[in-house]
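Each remark here refers to the structure printed beneath this line.
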Amino acid sequence: MSPHRSGNLSVVPVQRFVLEGFQGGLQTQALLFALFLALYMAAILGNLTMIVVITLDARLHSPMYFFLKNLSFLDSCYSSVIHPKALANFLSSSKAISFEGCATQLFFFSLMATTEAFLLAVMAYDRFLAICSPLHYTITMCPSACARLVLGCYFGGCLNAILQTSLTFSLLFCRSNHIDHFFCDVPPLLLLACADTALNELVLFGICGLIIVSTTLGVLVSYAYITVTILRMRSGAGRHKLFSTCGSHMTAVSLFYGTVFVMYAQPGAVESMQQGKVLISVLYTVLTPILNPLIYCLRNKEFKDALRKALGFGQAAL
C-alpha cells in the first residue's frame, strides 16, 4: 500500500490494529481470560438453552417466545463477535487484529446491537397488543407478521452497520494503530483518524440517538398503555403476573438502552471514551447476554416448566 503525503510528512495507512483495552501483567491477563471465558460460556449456554427449549416445547410456540428466541440468537451472536478475539488477546503478547478483521468485527457488532435495540421495542409492542387488545392479538401477531417484524429489525440493523462501518473505515488512520478498547468500535477508532471526524461523530450521535430515542419512546408508550390496562383489572393475581412479566422486559430494556446511550448517543461520546469505558462496555457486551435468559425465563413459570420437561426427557433418554 503506497504512503499518503500530507505536507512534508509521509503517512503510511494502518494495516493492522492493536487492541489495548485491558492492561496488566501475566497474572492479570490470566485472571481476565478465566473471567471472560466463564462469562462467555454462561452467555452461550443460557441463550442456547432458551433457543432449544422454546423450539422443542409446543406450548412455547407463541409470538412472545418467538421474539425471545430471536433475542437469544442475537445475544449469542454478538457475544461471539467480541469474545473469541478478546480471549485470544488475553493469551497473546501482540493483541493484534487485521484492518479487515477490525472492520468485520465492527460491522457484525453494529448489526447485532442495532437489531437488538429494534427487537426490544418490537417485544414491547407485542406485550401491548397481548394485554391491551387480546381479542385481535392472534390475528395481528400471526406467524407471518412476527417474521416480518424480525426481518425489519435485521434490515434496520444492517443499514446502520453498513453506514457506521463504511464511514469509519473510509478514514485514514495514521496517529496510532493502538485501539484503547477490547474490541473494534466506532468511538475509539475515530480517535486514531488523521482527517476531520466531525461528520462521523455527527452521524454516530444522530443515528444512534434517533434509534435509541425512537425505540425507547415506543417501549415507554407501550408500557404506559399496559400499565393503565393492568391497573383496571379486578384480579390481584392477574395484575401481579402481568406486572412480573412486563417488569422483566423493562429491566432488560433499561440495562441495554441505558448503557448504549451513554456510549454512543450523548454529545462528546468520542472524547469521553476514557471515562468508565471498560465498565460500561462490559455491561452491554458481556453481562446483558447473560442476564437476558435469567431476567426473562427463570422468573417465567411456563418456561421453567418446559425446561423441567426437557431435562426430564434428557434424563429418561440416558
Between a residue in the stretch 20-35 that is over 11 Å from residue 182 (Cβ atoms) and any residue that is surrounded by 17 or more Cβ atoms within 10 Å (Cβ to Cβ), which pairs come within a Cβ distance under 8 Å, given they are 6 or more apart or on different chains? 24/32; 28/22; 29/22; 29/90; 30/90; 33/90
Is there any pair linking a residue in the stretch 155-170 that is closer than 12 Å to residue 113 by Cα to one that is aromatic (Phe, Trp, Tyr), with Cβ under 6 Å and at least six apart or on different chains, and which? 156/118; 161/107
Is the stretch 122-132 home to any residue that is among the hydroxyl-bearing types (Ser, Thr, Tyr), in a helix (DSSP H, G or I) and in contact with a Gly (Cβ under 9 Å, 6 or more places away or on another chain)? yes
Which ones in the stretch 117-148 are of a type in the set (Lys, Arg) and surrounded by 15 or more Cβ atoms within 10 Å (Cβ to Cβ)? 127
Expected single match for exposed (fewer than 13 other Cβ atoms within 10 Å of the Cβ), modelled with pLDDT under 70, at negative phi and among the hydrophobic types (A, V, I, L, M, F, W, C) among 237, 198 is 237
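Here is a yes/no grid of residues against (1) farther than 17 Å from residue 292 by Cα; (2) surrounded by fewer than 18 Cβ atoms within 10 Å (Cβ to Cβ); (3) modelled with pLDDT of 65 or more:
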residue: 223; (1), (2), (3): yes, no, yes
residue: 227; (1), (2), (3): yes, yes, yes
residue: 249; (1), (2), (3): no, no, yes
residue: 253; (1), (2), (3): no, no, yes
residue: 260; (1), (2), (3): no, no, yes
residue: 266; (1), (2), (3): yes, yes, no
residue: 269; (1), (2), (3): yes, no, no
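The values are calculated or read from the model by the stated rules, or taken from the named source; none is laboratory data. The model shown is predicted, which means the values in this text are computed figures rather than measured ones. Counting neighbours? That spans all protein chains shown, and the Cβs are built from the backbone with ideal geometry, glycine included.
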